[in-house]
Each structure stands twice: as structure tokens, then as C-alpha cells.
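Peer 1: Can you keep this structure in mind? I'll have questions shortly.
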Amino acid sequence: MSPGMITTGTSSGEWWSPGTDGMILSDGAAMIEALHQVRQPLAVVVTTDGGRALAVGGAVLQSPTPPAGDVLALHGRLGAIYPEWLGERAFAEVHGCRFAYVVGEMARGIATARMAVAAAEAGFMGFFGSAGLSVTAIDQALGEINAGLGPERGNWGANLIHSPQEPAAERAVVDLFLSRGVRRVSASAFMAMSPEIVRYMARGLARDANGGIYRANHVFAKVSRAEVARHFMSPPPPAMLRELAAAGAIDATEAELAAGLPVAEDITAEADSGGHTDNRALTVLLPQLLALRDEMTIEHGYARGIRVGAAGGLGTPTAVAAAFAMGASYVLTGSINQAARESGLSSEGRAMLAEAEPPDVAMAPAADMFELGVEVQVLKRGTLFAQRGRRLYDLYRSCAGLDDIPADARQQLERDLFRAPLDEVWANTRAFFAEREPAEVERAEREPKHKMALVFRTYLFMGAQWAREGVAERRADYQIWCGPAMGAFNDWARNSFLVAPEDRTVVQMARNLMEGAAATTRAQQARAMGLAVPSAAFQFRPRPLG
């Protein structure tokens, strides 16, 4: 700045002086670098021609008139932004997190115990993907997490998937969670309340020393529809609480306190994502649930707020920043974590994910809700699972039972999908359900169509298993849950240190997304203050972060 360059017109009486270390950033590259140094405060000054410029360093002076020396009128300030500040602070306080970021559960142990531990140790919330695993396998994983994190750390949990066709299995998982002291559960695939999620939520409720309600167990509800969110934002059904209390599953005090609380105080708006999804746009779903949250808080007179987080399509810093800008209390990632080094997916499956582009996804029948026509979103590139799964559902709808399948279709199924006679597949399926859920076998022997459904579900179930184990001869049948966020992440990570699956750790991925979201947020703040911000300022590149 030349001596005596003074601008006027500030209404605040604040002036910026370069002093010995101040600098006007007129170069686009310098501006981008400064905006991405999110922990460094910046000034927006009025230039001599009346424009706006970004300044770093220097000093802010207070004076109703221009001070002596080289000064510019101060238009505004860009304070530091820390990734830890994004989202709702109550989320971090309640759950003991450093960041309002959840490493979501991917079923069948794909979100491994190791992944949950790594996420929690780094200050994120980590969920173990317990859905679809046996109680014994879940118990072993919970032991690993407890050993890795110790009893005091609370920023981790496990998945409870609704199992309307196997209520005993859902009950056994809740029993395990309660006995193991799992204090946070991510509830998924629920369409209404079940006794088990209410039992989990109510257990341990008590009055604290100040008369408030202490909540021992926290429910994170993943929902894609407002009508389902309403169930979780409401207190449990009174009849269900009475039945649980009468059965001794909860005590009278727990039932009384639960009647005044929402089932879940953390609601995750699950938009277009991998696995069970309604393919909703986050820009539609999240505002809808935020408005519903405000409505339900007033309706029920809750003393503390319900937090609404965002999930689905979050594979880049700009997407994460957009979610926070819309009011998300926290963000949750899922699909992208399957490609991380800590994932329980096979190396072959992770390599397939690393090659995916945003359009490389498709809908396929869900194994756990096959008869209901529920679908999951899966990887399409490199696998025939989606097409073959849809073929099974078409046959299920058109045929009365296995004996009704046309000969050519049956031959194709036995050759390409099951690689065994259907009678042999049923014998194995029958043995499995005889041990896990005998009522399913009894029904199948009465109803040929249900028997067909159980056999078809075997293929859908094994698709995920083959992908986990990396069975090479079954590569075309891999079921890999995947949303478009995976392709977006790959585009963003291209030509960076995160390009190779073996170099993708869940912590580096999360830290870069949050750091980049802070940089994107700051770039938008600068633009809103009248600065001509280069478009590249919105493109944070991955970098190793400690």
C-alpha cells in the first residue's frame, strides 16, 4: 500500500492498518490459500476504488475518523473457523465427541470394530455395523471395542436393525446391548416403534440431582420419511410402555419418564444413500425433518432439543458444508467408509468401490424385507447382483412357489445364481432357519410362496457375504451397498493421497471432509461479504492431516 492511501465510508468506525505484517491479498492463489487456512482470522477491507479486498495480518483500529498513516476502512472480519465448530455443539457435549461427524454403521460388520475404535479415538462418533451378524459375533466385536476404548469413552455405538420377521433376533441383540453397556444405538429400517427399541430407550432413565432426566441409552434413528421420524420424535406409545412395565422389562419409574421423552433425541435424515434408502434428495428431506422437529418439540413441550443430522450423498467437503449450512446438527457418512482400510469389505470389494463413479449404483431387493418389496441401493459397476436380484423378485411375484417356476428360468437360477439344485438350496436354508427362527420353517412348509421367498433371500444374503470374504468366483454376485457419494468421493480424491483404497483410512477421510467443509464455509462467507472469491476456493484438495 502506498503512503497516505486512506478510504472513508466506514459506519462502524473501524479501520485496518497493515502495520509491519499486514498484506492485501490481490492475487487469486494467495486469497485461496488464506481462505483455506481456516484457523487464521482475516479482514475484508474497502479499497480506494470502493471495492472489497481480503487482508491478512495487520491491526484493527477504532476511530470515528481515519487514523493517521496507511489505513483502509474495515468492511468486516472473517473469524477463524474450526472443523470442530461445524454442527451443533450440544451433539459433541452429549456424546463426548470432538467433531459433529458420525462414521455410520455398515451392516454385516463392514463397519468393523476396528473402524469404530479408530473413529472414536479421533474424536468422531463411530458405529459398529452389527446388523445381520449373530449375537456371538456381535458380542465378540463389542469386546474388541471395549478393550480398545476403555469403559469411559462414550462416542461409539452399534446398529440395531428392525427385524419384523425375526423378533426374537431383535430381542436377543437388545439383551446383549443392555448387558454389555452399549449406550448408543443407531436404529435403522424401522417403520414404527417396536417393543425392543422402546425397552432399550427406557432402560436406565432416572432423575438427576437437578430434577432433570438422565438418559443412559441414546437412540440415533435413521429415517427417510417424515411419518417415521414422527414416531421417533414422539414419546413411546403408552400401551407399549404399560406392557413392558407389566412384563418387568422396565420399571415403573422408567416407564413414567419415558412417557415424556422422544424415543430418539438424534434423528438422522437419510437421503440418497447405500443400503436401505428412499432415494430422497437431502435438500428436500433435511428441511422437512428440521421443521417437523420444531413442531414436535412445541407439541410435546420437550425441555431439551432434538438434534437432526444429515446422511446420504456426503462424499465431498462441499456436500458436507451444504448439510451444515442447511442446519444439520451433525453429518453421517456411510458408503465411502466401506472403501477405507478398516472396512470389513474384502480388498476386491474395496477396489471395486474405488473405481465407482456417481451413476454406478442401482436398486436391488433387500434380503431382510424381500417379501415387502423393500429395496437397497448397491454398486452396479462390476457386478450383476442388482439385475439378478430383480429377476428373483419378478419370479417371486409371478410364481406361487418353487414348483411353479418355469423350467428354463429354474435351470438358469440353478446354473448362474445358486449353482446348486433348488431342492438342495432349500435343504440348507431350512437347516439355517430351524436353528435361528423355527417359526419361519413351519410357515414355509405351509406356504409354498414363503418357502420360495426364503430360498431367494439366501442368494441376496450371500451376495453380501461373498463381497465381505472376497470370493473371486462369485465376483459377479457381490452385493456392495453403495450410494452416489462413493463416486463423488472418488472424483474428489483423484490424483491425491486418498486415491488408493489401501491409503484410505476412516480418520483421514473424515478429517479431510471436515477440514474441507470449514474451508468451503469460509469461502462462502467471504463471497457473502462482497469479495470476488475464485471458484477454486470452493475446491479443497485432500491432504494428510494430523
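FYI, it's all coordinate maths here, none of it is from the lab. This is a predicted model, so every value here is computed, not measured. Counting neighbours? That spans all protein chains shown, and the Cβs are built from the backbone with ideal geometry, glycine included.
Peer 1: Would you mind estimating how fast region 386-429 diffuses translationally, via Stokes-Einstein at 10 °C and 1.306 mPa s with the Kirkwood radius over Cα pairs, in µm²/s? Write down the numbers at each step before the final one.
Peer 2: Numbers: Rh = 10.7 Å.
Approximately 148 µm²/s, per Stokes-Einstein.
Peer 1: Okay, next question. At a Förster radius of 22 Å, what calculated FRET efficiency corresponds to the Cβ-Cβ distance of SER496 and GLU84, to the nearest 0.05? Each step should come with its number before you reach the end.
Peer 2: Numbers: r = 23 Å, r/R0 = 1.05.
For R0 = 22 Å, the calculated efficiency reads 0.40.
Peer 1: Once the Cβ-Cβ distance between ALA216 and ARG436 is put in as r, and R0 is 25 Å, what FRET efficiency do you end up with, to the nearest 0.05? Kindly include the intermediate steps, with their values, before the conclusion.
Peer 2: Values: r = 30 Å, r/R0 = 1.19.
After rounding, the FRET efficiency stands at 0.25.
Peer 1: Still on this structure, I have one more. Could you list the square roots of 5 times each eigenvalue of the Cα gyration tensor of the chain, that is, the equivalent ellipsoid semi-axes, sorted largest first and rounded to whole Å?
Peer 2: Working: eigenvalues 489, 167, 69 Å².
Ellipsoid semi-axes (Å, largest first): 49, 29, 19.
Peer 1: So how far apart, in nm, are the two label points at THR253 and VAL471 if each is 7 Å from Cα heading toward Cβ?
Peer 2: 5.1 nm
Peer 1: Further, regarding this structure: Along region 414-429, what does the Karplus equation 6.51 cos²θ - 1.76 cosθ + 1.60 (θ = phi - 60°) give for ³J(HN,Hα), rounded to whole Hz, x for Gly and Pro?
Peer 2: 5, 7, 9, 9, 8, 6, 6, x, 4, 5, 5, 4, 5, 4, 5, 5
Peer 1: Can you compute the label reach from GLN140? Point 7 Å from Cα along the Cβ direction, backbone N cut-off under 16 Å, restricted to region 177-198.
Peer 2: Correct set: none at all.
Peer 1: While we're on this one: How high is the relative contact order of region 352-477? Use alpha-carbon pairs under 8 Å, at least six apart in sequence, and give a whole percent.
Peer 2: Values: 122 pairs, mean separation 33.8, N = 126.
Taking the mean separation of contacting Cα pairs over the length of region 352-477, I get 27 percent.
Peer 1: While we're looking at this one, here's another question. Which of the three applies to region 306-390, rounded, prolate or oblate, going by the alpha-carbon gyration tensor with a ≥ b ≥ c and a/c under 1.5 meaning rounded?
Peer 2: Working: a/c = 2.15, a/b = 1.41, b/c = 1.53.
Verdict is oblate for region 306-390.
Peer 1: Using a basic spin-label model with each label point 7 Å from the Cα along Cα→Cβ, how many nm lie between MET191 and MET326?
Peer 2: Placing both labels 7 Å beyond Cα along the Cβ direction yields 2.5 nm.
Peer 1: Could I have the simple spin-label model distance between GLU166 and SER234, label points 7 Å from Cα toward Cβ, reported in nm to one decimal?
Peer 2: That separation, rounded to one decimal, is 2.9 nm.
Peer 1: For the chain, give me the percentage of DSSP beta bridges that are antiparallel, rounded to the nearest 5 percent. Kindly include the intermediate steps, with their values, before the conclusion.
Peer 2: Values: 28 of 56 bridges.
So the antiparallel bridges in the chain amount to around 50 percent.
Peer 1: Same structure again: Please give the residues of region 470-499, grouped as numeric ranges, whose backbone N is less than 16 Å from a label point set 7 Å along the Cα-to-Cβ vector of THR505.
Peer 2: 497-499
Peer 1: Name the residue farthest towards the positive end of the dipole of region 84-345 from the options PRO236, GLY143, ALA131, assuming +1 on Cβ of Lys and Arg, -1 on Cβ of Asp and Glu, about the Cα centre.
Peer 2: GLY143
Peer 1: What is the sum of charges around GLU469, taking Lys and Arg as +1, Asp and Glu as -1, for the other residues whose C-beta is under 14 Å from the C-beta of GLU469?
Peer 2: Details: positive: ARG108, ARG350, ARG468, ARG474, ARG475; negative: GLU348, GLU473, ASP477.
Residues near GLU469 contribute +2 overall.
Peer 1: Taking 0.36 nm per intervening residue step and subtracting the Cα-Cα distance, what contour gain separates ALA206 from GLU243 on full extension?
Peer 2: Here the segment from ALA206 to GLU243 would lengthen by 11.4 nm.
Peer 1: Could you please tell me the mean projected area of the C-alpha convex hull for region 1-81, averaged over all directions and given in square nanometres to one decimal?
Peer 2: On the way: hull surface 20.3 nm².
Quarter of the Cα hull surface area: 5.1 nm².
Peer 1: So what is log10(I(q)/I(0)) for region 80-139 at q = 0.20, 0.23, 0.24 1/Å, when the Debye sum runs over its Cα atoms only?
Peer 2: -0.73, -0.85, -0.89
Peer 1: Given the -39500 (n - 2.57) contribution per DSSP H run of 4+ residues, what per-residue ellipticity at 222 nm results for the chain, rounded to the nearest 500 deg cm²/dmol? Each step should come with its number before you reach the end.
Peer 2: Numbers: 19 runs with 220 residues, N = 546.
About -12500 deg cm²/dmol.
Peer 1: Also: Where the only charges are on Cβ atoms (+1 Lys, Arg; -1 Asp, Glu), what is the dipole of region 84-345 about its Cα centre, to the nearest 20 debye? Walk me through the numbers on the way to the answer.
Peer 2: On the way: 22 positive and 27 negative charges, 47 e Å.
Dipole magnitude for region 84-345 comes out near 220 debye.
Peer 1: Roughly speaking, what % of Cα-Cα pairs in region 352-477 are separated by over 24 Å, rounded to a whole number?
Peer 2: 27 percent
Peer 1: Can you give the relative contact order of the chain as a percent, counting alpha carbon pairs under 8 Å and 6+ residues apart? List each step's numbers first, then the result.
Peer 2: Values: 1091 pairs, mean separation 78.6, N = 546.
Rounded, it is 14 percent for the chain.
Peer 1: Please state the relative contact order of region 1-81 as a whole percent: Cα pairs under 8 Å, 6+ residues apart?
Peer 2: Numbers: 164 pairs, mean separation 39.2, N = 81.
Answer for region 1-81 is 48 percent.
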